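Here the structure comes first, spelled out in C-alpha cells, and everything after it is commentary.
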Amino acid sequence: MSRPDADQLLLPDAEADVRPSPQGLAARRALLAHPVVLLVGIVLASVNMRAALASVSPLVGEISESFGLSSTASSLVTSVPVLFLGLGALVAPWLARRFGSEPVLLFALLLLAVGIVVRVAPSAVALYGGGVLVGTAIALLNVLMPGLIKRDFPDKAASMTSVYTGAMIAGATLVAASSVPLEKAFGGSWEASLAVWSLLAVLAAVAWLPQVLIARGRTGHEVRGAAPNGSASGSAPASAAAVKSVWRSALAWQVTLFMGLQSLWSYVLIAWMPTILTDHGMSRSTAGVIFAFNNLIQVAGAFGVPLLAGRMRSQRPLIVLVTSLVAAGYAGLMIAPVSGAWLWSGVLGIGQGGAVGLALTMIVLRSGDARTAARLSGMAQTVGYLLAAAGPIAAGAVHQATGGWTVPIALVLGVCAAALAVGLFAARDRTV
C-alpha cells in the first residue's frame, strides 16, 4: 500500500474534505503574494502555542498560596487547559471547513488573549475558566496550523514545519525562563507575570488580520471535497466508511494511546517539574531556568526522531529509545532531583521531543491516504489530550496523599512501560 509523500509528514489537514472554489483559489494566490506577512503570522501564532501553558508551571506555588489550593486543586490549573486541548480538537476541523483557517486562527489568538487575562482575575472560578478559554484556543492552533502550512507551502512543507515547531518551542522556553523574573519585576505579582503574555497573543492576532482580510473572498468552505475515488461530494458512504475504519481500527487505537500516554508524561512535567525541584530545596528562579532548558532541548528530539522514523519500515527501535530516555529522566528526578537536575532535564527533553515527533509521524505512516491521516490525527489529538489531562491531576492528588514525589514519579514510570507496550504495536509496518 502506498504511503503519504514526504511533504505530508506531520501535516494532517483539517480542511482535507474541502474542495476550494475558484474564488477561494484566487484569494489563496493573493495571500501567497505576500509571503513575508504570511511567514510573520505563522511564527507569531506558533510562539503562542505553548507559551500560555509554560508560563504557569514556575508559578504554581504562588498561585496555590494565593487561593489556598490543595495539590489536587493546583493540578487543575494546568489540567483544565489540557482537557480542552482534546475537546477543542473536536470542533476545530468543522470550524475550518465552515469558516476557513485564517478567520478561525484569528479568533483563536483573540480567545487566547482573553483567556490569559481572565485567568488572572481575583477569583478561583476565573482561574479555571480562563484555563478553559486558553485550552480551547491552543487546540484550534494545534489542529489548524499544520494543515495551513501544507496548503500554502506544499513545496516547502518540511522547512516550514521546522519554522513553526521551532517558534513554538522557542516561545515555551522564553516564557518558562521569564515567569519568575517577571513576577519579581512586577513586585511579586504572579498575576502581572501571567497577564503580560496576553500582549503576545494580541500581537500575533494583529499579524493575522491582513491575512483574514486578503482571504475574505474565499468561498470554498461551503464546497464539500471530492471522495477518495475522485467523485463528487455525493459519495457520502465512502466518507462514512473512512470514519468507521479509524474509530474501529485496533491500530488506530494503538497510535492514539501512544499519543495520549506520551502527552500524559509531558504534561505531568509541565505541571510539576519546577515544583518537584523547589520541594527538594532548589530556588524558584533556578527551577524555572531548568524547566526552560527542558523545553528548549526538546527541539533535538522533535527534529531528529521523525527524520529517522520516515526512513524505517518499523519504528520499534525508536519507541524503545524515546520511552527509555523519558523513564531514565523521571527515575533521575526521583533519585537525585537537585544534583542531577540539568542532566535529567536534558534527557527528558530529548525523550519528550522525540516521543511527540514520533507520535505525530506515526499518524501519517500508519495512514493509507491523506484523508485517513486527517481523521486519525483528530482521533489521536482528541482522545490523547483527554487522557493526558488526567496526568497532572493524578500526580497532584498522589503527592498530596503521600506527601512526596516518589510515588507519583513511580506511577509515571508505569505510564512509560504502558507507552512502550502499546507503542511497539503502533510502530508495526501496517496501515489503518
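Just a few scattered comments:
- The residues GLU102, GLU62, sorted by heavy-atom accessible surface at 1.4 Å with ligands and nucleic acids left out, run GLU62, GLU102 from largest to smallest.
- In the range 260-367, trypsin sites (Lys or Arg not before Pro) in a DSSP loop with at most 14 other beta-carbon atoms within 10 Å: ARG311, ARG313
- Between ASP429 and ALA124, the modelled labels are 5.6 nm apart [label points 7 Å from Cα along Cα→Cβ].
- Ordering of 170-177, 182-189, 127-134 by packing [mean C-beta count within 10 Å, highest first]: 170-177, 127-134, 182-189
- Residue by residue, the range 277-287 carries 3J(HN,Hα) couplings of 5, 5, 5, 9, x, 7, 5, 5, 5, 5, 4 Hz when phi is fed to the Karplus relation 6.51 cos²θ - 1.76 cosθ + 1.60 (θ = phi - 60°); x denotes Gly or Pro.
- Efficiency of FRET from Cβ geometry, ALA185 and VAL206, R₀ 30 Å, rounded to 0.05: 0.75
- The relative contact order of the range 273-432, computed from alpha carbon pairs under 8 Å that lie at least 6 residues apart in sequence, is 31 percent.
- VAL398 accessible area, 1.4 Å probe, all protein chains in place, Å² to nearest 10: 30
- Solvent accessible area, Å² - LEU318, 1.4 Å probe, full protein context: 10
- Summarising the label geometry, the points placed 7 Å from Cα in the beta-carbon direction at VAL36 and ILE335 lie 5.4 nm from one another.
The values are calculated or read from the model by the stated rules, or taken from the named source; none is laboratory data. Remember, it's a predicted structure, so these values are computed and weren't measured experimentally. Note that each Cβ is placed from the backbone with ideal geometry, even for glycine, and that neighbours are counted across all protein chains shown. Side chains are part of the model used for accessible areas, which takes the heavy atoms of the whole protein and leaves out ligands, DNA and RNA. Shrake-Rupley method; radii C 1.70, N 1.55, O 1.52, S 1.80 Å.
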